[in-house]
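Participant: One structure follows; several queries about it will come next.
The values are calculated or read from the model by the stated rules, or taken from the named source; none is laboratory data. For clarity, every value in this text was computed on a predicted model and none was experimentally measured. Here Cβ is always computed from backbone atoms with ideal geometry, including for glycine, and neighbour counts include all displayed protein chains. These accessible areas exclude ligands, DNA and RNA; they are computed on the full protein's heavy atoms, side chains included. Shrake-Rupley method; radii C 1.70, N 1.55, O 1.52, S 1.80 Å.
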Amino acid sequence: DDLSRMSSATTDVTSRIQQLSASVINKIAAGEVIERPASVVKELLENSVDALSTRIEVDIEAGGAELIRLTDDGEGIHPDDVMLAVTSHATSKIRTADDLFEVQTMGFRGEALASIAEVSKFRLRTRRAEALTGVELQVDGGATEGPKPCGCPAGTQIEVRQLFFNTPVRRKFLKTTSTEFGHISEQFTRIALANPNLHLVLRHNGRVVHELPATHQLIDRLRLFFGSELADKLIWVESDDRSLQHALGEAYRGLLMVGRYPITFLFLEVEPSQVDVNVHPTKSEVRFRDSQILYRTLLSTLRRQFLGTNLDSELSVAPEEKPEATEETRKQHQLELVNWAKRQVPGADSARTDSTGAGGDESAAGGTVERPVHPLDREERELHGDAAALLDVSPPSAGPSSGQQTAESDPGPFVLGEPANIEEGSDAGGDATAVPQTLRAMQIHDCYLVVDTGDGLTVIDQHALHERIMYERLRRRVLDGTVEVQPLLIPVTVEMTAQDAAALLDHEEVLRELGLQVESFGGTTIALRANPTLLRRADPARLLRDVADWLESRGSKLSRRDLIDHLLHMMSCKAAIKAGQRLQPEEIDALLEQRHLCDDHHHCPHGRPTALTLTRAELDRQFGRLG
Ligand code: ADP
Ligand code: MG
């Protein structure tokens, strides 16, 4: 008796394994694929794209909760296949498991229509071009009716009404109409951007939200969605190499202010075999077979392009702009710069060796990164003097070769008017990037340098520029493992808090790579035994304190690479000449000349601009000299 009672208790359906019904399976699957109306729109749009449509119209009512209707002019569905279309795991897009690794379509799981039909009032009408009549199929929360003949244009129309009507919990979770429509609009936008060759229409409650004519120019679509201001500022980068957010971040390292991010539209064409699309139910992620190659190619392509592009912040004095005028100037300016960059490239950089960087440095792509290089060999210049040494020249009265520093900072190549300065600076006419031979600058407010560039005037932030120069130099040295170190005869000792001392000692190795040799000096005192030569201007005790402070608060959370980069920023900031420092003419000249040895002299390492340019054209315009 007891036994049978127990057994009947355990026979309770809750604890035995059962095969789920197709309907439940589909509802579970639907939960995965169809999260909200926008998911339906995404799946239906993808199907229409896969069906080789040229025109797709999307009609939405009440944020998609009442109606989602897609009408396309694609190839349609064969009448015999209509039932299969709404059956789960039925697809026309792959056949064998091997096909999974060569997917060329947006769909392949055969789940979307089945899932949608399970949780809505669904109607499909389709006609292939060669068929005389169309076929209609209705599915009401999973219950099929049809198929039956109907009249309809060639292509496919799918209506989804009352989404989630039979899964009330889901329906309750729908957000406001405008939020849901916002998501729909986003999905629509994604498809639209990726397929500029499609004519697309989106309507909400009968009102046209987007009507996008087909175009061959990607930029036209971008302009429609994001406006001309953004579209015109985009830097067009193209690469045929076989090869994502992070690479972009890297490419922009030091070019953008903290907290700002580049706006990017990446159109990536890869062999289907190089990408695994079967890692996420809605393909919101894909996996690349060799993401490293892709990453490096992207990074080096971007870097190369940026280096040949004018990133100077242009001054605009006028409150209102005549767009055409500035546009023209800007384009011309850019063209000149790009041409200049091209002239600098040929072969000049072949000596650049791969760095030791732990992968991911932009030069890692087989040393093939081209960059504009100053005609004078850069390393050689570096041997002869660095900005710090040069700017040390100065005690007020002294000429270019004064005092204590001479042994190390032979000012040779930097003497004013040195003919090797610039290759044919004259042929370029308005070439704003090359330093005109008789470049003259004026320091104002002990802070800014005003330069006549031949094509206007440029105001340079002396600290920001010097910081950039120091940063690049130090960075290159660190990556090459050739930081010049100056041992200190008498170590500088700094007393600090236990945490700060520990933070420094914890990072002893990284610091050593940067040329800072620290060691414990008993208790919480730290001794600095050597200093990077480039940093000899900085106050070592303060530097050490600041570094410790920073390491203590932030250091442990960062990757090694970011750590080094941040420290480089910090150190170059400290080593650079300050705002408020009066400069001698030769110091100004040296600084300006170094400007053109930088990969990016347009921005300080924190991404602030180092210079603002007021073009001749803009001046003329301001003074009413142009029509
Ligand atoms: P999948 O797209 O993964 O194959 P779906 O459930 O989205 O799965 O669609 C099932 C099948 O229905 C597709 O493989 C395709 O053959 C057909 N189909 C769906 N939508 C359309 C459409 N708009 N035009 C032509 N065929 C379609
Ligand atoms: Mg699909």
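A quick yes/no check of all residues on (1) β-branched (Val, Ile, Thr); (2) surrounded by 20 or more Cβ atoms within 10 Å (Cβ to Cβ):
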site	(1), (2)
LEU544	no, yes
VAL547	yes, yes
TRP550	no, no
SER553	no, no
ALA590	no, yes
HIS602	no, yes
ALA617	no, yes
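Participant: Counting only residues that are within 16 Å of ligand 2 (Cβ to nearest atom) and β-branched (Val, Ile, Thr), how many does the range 120-151 have?
Facilitator: 2
Participant: Could you list all residues from the range 558-585 that are open to solvent by 30 Å² or more (accessible area, probe 1.4 Å), in a helix (DSSP H, G or I), within 17 Å of ARG608 (Cα to Cα) and not aliphatic (A, V, I, L, M)?
Facilitator: Within the range 558-585, HIS566, CYS573, LYS574 meet the criteria.
Participant: Considering only residues of the range 38-77 that are among the hydroxyl-bearing types (Ser, Thr, Tyr) and farther than 22 Å from ASN166 by Cα, which is surrounded by the fewest Cβ atoms within 10 Å (Cβ to Cβ)?
Facilitator: Taking the candidates together, the pick is THR54.
Participant: Hey, any hits in the range 106-121 for a residue that's in a loop (DSSP other than H, G, I, E, B) and either touching a Phe, Trp or Tyr at 6+ places or on another chain (Cβ under 8 Å) or modelled with pLDDT of 95 or more (or both)?
Facilitator: Yes - at least one qualifying residue is present in the range 106-121.
Participant: Cβ contacts < 9 Å: first residue within 19 Å of PRO153 (Cβ to Cβ), restricted to the range 38-59; second residue more than 9 Å from ligand 2 (Cβ to nearest atom) and aromatic (Phe, Trp, Tyr), any location; separation 6+ or different chain. Result?
Facilitator: LEU45/PHE188; VAL58/PHE188
Participant: Here's a follow-up. Could you grab me the full set of residues in the range 145-181 that are away from ligand 1 (no atom under 16 Å from the Cβ) and small (Gly, Ala, Ser)?
Facilitator: Once the filter is applied, which keeps residues that are away from ligand 1 (no atom under 16 Å from the Cβ) and small (Gly, Ala, Ser), the range 145-181 yields GLY151, SER178.
Participant: Now for a separate question. Mind listing whichever residues of the range 27-85 are hydroxyl-bearing (Ser, Thr, Tyr), in a loop (DSSP other than H, G, I, E, B) and within 16 Å of ligand 2 (Cβ to nearest atom)?
Facilitator: If the condition is that a residue be hydroxyl-bearing (Ser, Thr, Tyr), in a loop (DSSP other than H, G, I, E, B) and within 16 Å of ligand 2 (Cβ to nearest atom), then SER53 is the only one that fits.
Participant: So SER178 clears everything in (1) over 38 Å from the mean Cα position of the chain (by Cα); (2) at pLDDT below 95 except one condition, right? Which one?
Facilitator: All conditions are met except number (1).
Participant: Could you list all residues from the range 270-290 that are closer than 25 Å to SER115 by Cα and either of a type in the set (Phe, Trp, Tyr) or part of a loop (DSSP other than H, G, I, E, B) (or both)?
Facilitator: Listed by number, the residues that qualify are VAL277, ASN278, VAL279, HIS280, PRO281, THR282, LYS283, SER284, GLU285, VAL286.
Participant: Would you check if there is a residue in the range 26-33 being open to solvent by less than 20 Å² (accessible area, probe 1.4 Å) and modelled with pLDDT of 95 or more?
Facilitator: Among the residues of the range 26-33, not one is open to solvent by less than 20 Å² (accessible area, probe 1.4 Å) and modelled with pLDDT of 95 or more, which makes the answer no.
Participant: I would also like to ask the following. Among the residues of the range 106-143, write down those that are of a type in the set (Ser, Thr, Tyr), open to solvent by less than 70 Å² (accessible area, probe 1.4 Å) and away from ligand 1 (no atom under 12 Å from the Cβ).
Facilitator: Once the filter is applied, which keeps residues that are of a type in the set (Ser, Thr, Tyr), open to solvent by less than 70 Å² (accessible area, probe 1.4 Å) and away from ligand 1 (no atom under 12 Å from the Cβ), the range 106-143 yields only SER120.
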